[in-house]
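Have a look at the structure below before the remarks.
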Amino acid sequence: MATKGIVKGIVSNLVTVEVDGPVSQNEICYISVGGVKLMSEVIKVIGQNAFVQVFESTRGMRVGDEAEFEGHMLEVILGPGMLSRNYDGLQNDLDKMEGVFLKRGEYTYALDDDKKWNFKPIASVGDTVKAGSWLGEVDENHQPLKIMVPFTFEETYTIKSLVPEGEYTIRDIIAVVTAADGTDIKLDMTQKWPVKRPILAYREKPRPYKLLETGVRTIDTVNPIVEGGTGFIPGPFGTGKTVMQHAISKQAEADIVVIAACGERANEVVEIFAEFPHLIDPHTGRKLMERTIIIANTSNMPVAAREASVYTAMTIAEYYRSMGLKVLLMADSTSRWAQALREMSNRLEELPGPDAFPMDLSAIIANFYARAGYVILDNGATGSVTFIGTVSPAGGNLKEPVTENTKKVARCFYALEQERADRKRYPAINPIDSYSKYLEYPEFMAYISEHVSPSWIDKVNEIKTRMLRGKEIAEQINILGDDGVPVDYHITFWKSELIDFVILQQDAFDDVDAVTPLDRQEYMLDKVVDVCHTDFKFDTFIEVMDFFKQMINIFKQMNYSAYKSEDFYGFDKQLEALLNERKEN
Amino acid sequence: MASKAFQKIYTKITQITKATCSLKATGVGYDELASVDGRLAQVVKIIGDEVTLQVFSGTDGIPTNAEVTFMGKAPTLKVGEQLVSRFFNAYGEPIDGGPEIDGKEVEIGGPSVNPVRREQPSELIATGIAGIDLNNTLVTGQKIPFFADPDQPFNQVMALVALRAESDKIILGGMGMTNDDYLFFKNTFSEAGALDRIVSFINTTENPSVERLLIPDMSLTAAEYFAVQKHEKVLVLLTDMTNYADALAIVSNRMDQIPSKDSMPGSIYSDLAKIYEKAVQFPDGGSITIIAVTTLSGGDITHAVPDNTGYITEGQLYLRRDSDIGKVIVDPFRSLSRLKQLVTGTKTRKDHPQVMNAAVRLYADAANAKTKLENGFDLTDYDNRTLAFAKDYSEKLLAIDVNLNTTEMLDVAWDLFAKYFTPAEVNIKQELVNQYWRN
């Protein structure tokens, strides 16, 4: 019999429930308040008292209200029909909710039980299968989605029967498998999984090495991220975190993009709702929305569901990875999730860690980032979850717990900087502080050598060194004055400005400049590095400045022109002519 | 606070702090209102049969045998057309001597809008101030604060923006406002003949500070009535949200919560977001736009209140006194409207985004030149031109006394570009230079 309980205490969304039977940590229960049932999660148990966090407002709740326990942890339902949907943090389908305002206690089903799917079997009767094995395939939005043996299955099974190709709903039985003890288990196209547990249905998780193209030059060229890699973007408000996230989610070369809007502004989610259905995926030519799933827990939605939202998103990403797909997961912002943990920890009266965050924050962040990765599945296919989170450091200070703990685990660091943003140098990613650890991976170097160019990584490292040198000279000029340093210093400084303006800066709101395909990035990098290697002859620093300003202007016009168009080559010619004026032989 | 018949009266308070009192009671709902010795209070904690109440006007003088009654409902506001041109206190009671409102009673702090039912904001709010319209264009459904030091004229600028912006209703929520500022708003609005579209909820420095926690929800409940029921464009002015946050800190302190950064409660982000996220564009034309004020201490934006606000709102506006021209300007460097790209270049002329960026970049070059000058270095010809440009730009565009439409602003900017620079120095897309450069 299911455990029941009675409400004994209420402080905001932390409720104490006296239970009449066994409960487990993280178990879900529903508390009845004035005719509606509010979903809650057990977060602490002392004797007969279960402390639960309610995923909704507790207004009007009374001592004596009844709770029913469900016997399982917070879980999501996985199956065909999730793409293009907008869910809240608990996987309720937001589009199915009635009315303009969210109603407390309204939970909507994440899938569609009536829709027919064209199922094609992949496995055969008699095959030995285990959790994650592919049984068949349905086509959703041009993605071949696999129907798998549920991840919760712990043994090996034999397929007893499998339906032939045809139209089925997700609730139709498509296979029967026999367990070692002879029991038959019927399977439909859906399965459930508790979100706080990682899905481990793969053979191994090697180091990731394949470049994941994002079309953003300061990422792809300067600090690349890889399929199955992890990265994070910390930045004070107003430095362009969200624009950056949207750019990556629009342009990245991924099969599936899951966006977790975690405690952020509702209008930002609305922007995705409004734009994505019209935008075209630059890699496949299809609608962006077709490959996108949005998990929206905006900042005015219940705090407890904010924590759940990132786990819901990760579980959905892992589900698609198990099908051999390239998944990109974006979470904006992981700081809000950490703050949600802080609020609950505070109400539980736990001893606080730094900045009143819970002591285990570091472990929670590390475990979450560890769920990303590039995997080889049991059948030899590969899949990946690339995770990029944003961090909103309090006061813009990177020495705060969330940033510091994330820095320990994420392999790419894209530091958005107030100073660059103030100077309107967007994207405001600091080229010197930011890094990608993948540039040091021999596997990655080999991959780039083969797929892009053998000289690419050397050039990337060269421009990084030049940016650093440029910054040093700028500081010297500030102290000594323009005349206080040799003209050569000015040349070196302006070469770093050239790199900044042409490669690092990118106009996310210009149709052409917003996305730079890799071959174009290579072309521009080669061109800029060539200029950097050219010796020039100048008499005064003013000549240097004027010359480079002209050059930067031509380069920028090139960035705004369609690649290899007439205009593009026109500017290329202008550039040649300008260079010849000052070239020293 | 009339009590209903057959209501249970409690007379044994077990604990009193400066802002809260506790007693044994049963059948009480969370968030429910109560009356303690005639003062309004709200349930903030229930442990078994012990109920803790937050007494809005403070607990001074409350005896342990005070009469406590529970009202069985959360705080409410009576809404209707009658709200217009009236002034209320934090409880929604008239303070202008007029009659009580006879309208539908709704709970304040109601549910959030389903994000998929929101419309993308797309309507420009023109203010005539170039520091706003040109550089930081506002859009209906946006939420944006002024970050200002207490000595800056933020209330004056906000009143100016409110009166110039085309809105159907203006809701003023005053928290910890000085009586002088309250009268300033009252007089400014009545002189402008705008009282017939204004509703005000005022908590002045003379009122207890915890009462002001009700002001934003009261104001936004009224705003939702006009935006949802009447499909009107509503502009909500909240000044000053730092006072609101201070009141939150007081209550959380009295409840023995562990403070996080700057003594603010750990939930400060959610508390502020709940208010600001009420800004919305509804599909049927109604909208709520929030312009707020967050006062800073010595310009410090890393303090928890401005910092959390910055992460919630869609940009922020800074005022600064420009010593070159001796006027208050909207600071082009630090101010930002995140929603501007929804209208710039589409609802305004197509050169708007690039002109805006180029002008700010040149203004930044002028700031560098100024630093050089202060450090005693020689200026180049370019430096001198940027300095001259900056002065003109401040005077003709950034100053808050400028009143132009955006096309005029763009024309002024092109005039200034041509006066001081070459096209290469301005660094704008060639196509636009060809069309707009003044020869």
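Compared with the direct C-alpha span, the chain from A:Val512 to A:Leu578 gains 21.3 nm at full extension, assuming 0.36 nm per residue. Modelled spin labels at A:Asn26 and A:Lys44, positioned 7 Å past Cα toward Cβ, are 1.8 nm from each other. Label point of A:Asn118 set 7 angstrom out along Cα-Cβ; within the range A:280-322, no amide nitrogen lies under 16 Å from it. By DSSP, the beta bridges lying fully in chain B are antiparallel in about 55 percent of cases.
Footprinting exposure proxy ranking of B:Tyr269, B:Tyr318, B:Tyr382, fewest other C-beta atoms within 10 angstrom first, gives B:Tyr382, B:Tyr318, B:Tyr269.
For the range A:375-385, putting each phi into the Karplus relation 6.51 cos²θ - 1.76 cosθ + 1.60 with θ = phi - 60° gives couplings of 10, 9, 6, 4, 8, x, 5, 10, x, 8, 10 Hz, in residue order, rounded to whole numbers and with x for Gly and Pro. Beta bridges per DSSP, both residues in the range A:228-332: antiparallel share near 10 percent. Based on C-alpha pairs under 8 angstrom that are at least 6 apart in sequence, chain B has a relative contact order of 16 percent. Shielding by partners for peptide A:292-301, expressed as the average number of C-beta atoms from other protein chains within 10 Å of each residue's C-beta, is 4. For B:Lys370, the lysines whose Cα comes closer than 28 Å to its Cα, not counting residues fewer than 8 places off in the same chain, are A:Lys424, A:Lys471, A:Lys495, A:Lys549, A:Lys556, B:Lys327, B:Lys391, B:Lys396, B:Lys419, B:Lys429. Put simply, the amide H of B:Asn203, placed in the peptide plane, has neighbours under 5 Å in B:Gly174, B:Met175, B:Gly176, B:Met177, leaving out anything fewer than 5 places away on its chain. When Rg and Dmax are taken over the Cα atoms of the range B:352-436, they come to 13.2, 40 Å. The phi torsions of the range A:326-337, fed into the Karplus equation with coefficients 6.51, -1.76 and 1.60 and a -60° offset, translate into couplings of 8, 10, 10, 10, 10, 10, 10, 10, 5, 5, 5, 5 Hz, rounded to whole numbers, with Gly and Pro shown as x.
Inter-chain Cβ neighbour count for B:43-50, averaged per residue, equals 5 (cutoff 10 Å, partner chain atoms only). Which whole-angstrom value gives the distance between the alpha carbon centres of the range B:151-170 and the range A:504-549? If you average the Cα positions of each part, the centres end up 44 Å apart.
Pull out a ≥ b ≥ c, the square roots of the eigenvalues of the alpha-carbon gyration tensor of the range B:163-260, then state rounded if a/c is under 1.5, prolate if not and a/b is larger than b/c, and oblate in the remaining case.
oblate
Is the range A:18-113 best put as rounded, prolate or oblate by its Cα gyration tensor, with a ≥ b ≥ c the root eigenvalues, rounded for a/c under 1.5, and otherwise prolate when a/b is larger than b/c, oblate when not? Because a/c hits 1.5 or more and a/b fails to exceed b/c, the range A:18-113 counts as oblate. Beyond 26 Å, the tail of the calculated P(r) for the range A:456-582 holds 22 percent of the Cα pairs.
With a simple spin-label model that places each label point 7 Å from the Cα along the Cα-to-Cβ direction, the separation between A:Glu70 and A:Asp355 comes to 3.2 nm.
Taking the C-alpha atoms only, the angle from helix B:381-393 to the longest principal axis of chain B is near 50 degrees. In order along the range A:46-61, the Karplus-derived 3J(HN,Hα) couplings, from 6.51 cos²θ - 1.76 cosθ + 1.60 at θ = phi - 60°, round to 10, x, 8, 9, 9, 8, 10, 9, 8, 7, 9, 5, 9, 3, x, 5 Hz, and Gly and Pro are given as x.
For n ≥ 4 DSSP H runs only, could you compute -39500 (n - 2.57) per run for chain B, divide by its residues and tell me the 222 nm figure to the nearest 500? Intermediate results must be reported in sequence, preceding the final value.
Working: 12 runs with 132 residues, N = 439.
One gets -9000 deg cm²/dmol as the mean residue ellipticity at 222 nm.
Listed by chain and number, the lysines whose alpha-carbon sits under 16 Å from that of B:Lys261, ignoring those within fewer than 8 places in the same chain, are A:Lys399. Sequence-distant contacts, meaning Cα pairs under 8 Å at least 6 residues apart, place the relative contact order of chain A at 12 percent. Helix A:456-480 and the longest principal axis of the Cα set of chain A meet at an angle near 70°.
In whole Å, what is the distance between the alpha-carbon centres of the range B:206-281 and the range A:434-489? About 48 Å separates the Cα centre of the range B:206-281 from the one of the range A:434-489. In this structure, the amide hydrogen of B:Lys143, modeled 1.01 Å from its nitrogen in the peptide plane, lies closer than 5 angstrom to those of B:Ile290, B:Glu314, counting only residues at least 5 positions away or on a different chain. What FRET efficiency comes out for the pair A:Ala446/B:Lys12, r = Cβ-Cβ distance, R0 = 56 Å, nearest 0.05? The pair A:Ala446/B:Lys12 has a calculated efficiency of 0.10. Bridgeable lysines around B:Lys12 (alpha carbons under 26 Å apart, same-chain partners fewer than 8 residues away excluded): A:Lys8, B:Lys4, B:Lys24, B:Lys45, B:Lys73.
Within the range B:240-378, the percentage of alpha carbon pairs spaced more than 23 angstrom apart rounds to 53%.
Of interest is the spacing of the C-alpha centroids, which for the range A:379-420 and the range B:393-437 amounts to 39 Å. Applying 1/(1 + (r/R0)^6) with r as the Cβ-Cβ distance of B:Ala388 and A:Lys424 and R0 = 22 angstrom yields a FRET efficiency of 0.60.
Amide H contacts of B:Leu319 (H built 1.01 Å from N, in plane; Pro and chain starts excluded): B:Phe147, B:Asp331 sit under 5 Å, all sequence-distant by 5 or more or on other chains.
Overall, the ratio between the Cα radius of gyration of chain B and 2.2 N^0.38 Å, rounded to two decimals, is 1.12. Per the Cα gyration tensor, the protein assembly as shown maps to an equivalent ellipsoid with semi-axes of 48, 42, 24 Å, ordered largest to smallest. The ellipsoid equivalent to the alpha-carbon distribution of chain A has semi-axes of 49, 29, 20 angstrom, derived from the gyration tensor eigenvalues as √(5λ) and listed largest first. Taken over the range B:120-171, the percentage of Cα pairs per 10 Å bin, counting from 0 up to the bin with the maximum distance, is 22, 57, 20, 1. Peptides A:446-452, A:307-313 ranked from most to least packed, by the mean per-residue count of other Cβ atoms within 10 Å: A:307-313, A:446-452.
Ranked by how many other Cβ atoms sit within 10 Å of their own Cβ, fewest first, the residues A:Val76, A:Val222 fall in the order A:Val76, A:Val222.
Taking the Cα atoms of the range A:4-73, the ratio Rg/Rh between the radius of gyration and the Kirkwood radius comes to 0.90. Exposure proxy shown here: for A:Lys146, B:Lys261, the number of other Cβ atoms within 10 Å sets the order, fewest to most, as B:Lys261, A:Lys146. Peptide A:101-109 shows a mean partner chain C-beta count of 2 within 10 Å per residue C-beta.
With the contact rule set at Cα under 8 Å and sequence spacing of 6 or more, what percent relative contact order holds for the range B:46-107?
32
So if we plug the beta-carbon distance of B:Leu373 and A:Asn367 into 1/(1 + (r/R0)^6) with R0 = 45 Å, what FRET efficiency do we get, rounded to 0.05? FRET efficiency, B:Leu373 to A:Asn367: 0.25. Give, as a single signed number, the net charge of other residues whose beta carbon lies under 11 Å from the beta carbon of B:Leu398, with Lys and Arg counted +1 and Asp and Glu -1. Net of charged neighbours comes to -2.
Computed from Cα positions, the angle between helix B:406-420 and the longest principal axis of chain B comes to roughly 40 degrees.
None of the figures in this text is laboratory data; all of them are computed from the coordinates on show. These figures come from a predicted structure and were not determined experimentally. Cβ coordinates were reconstructed from backbone atoms using ideal geometry, including for glycine residues, and neighbour counts include every protein chain displayed.
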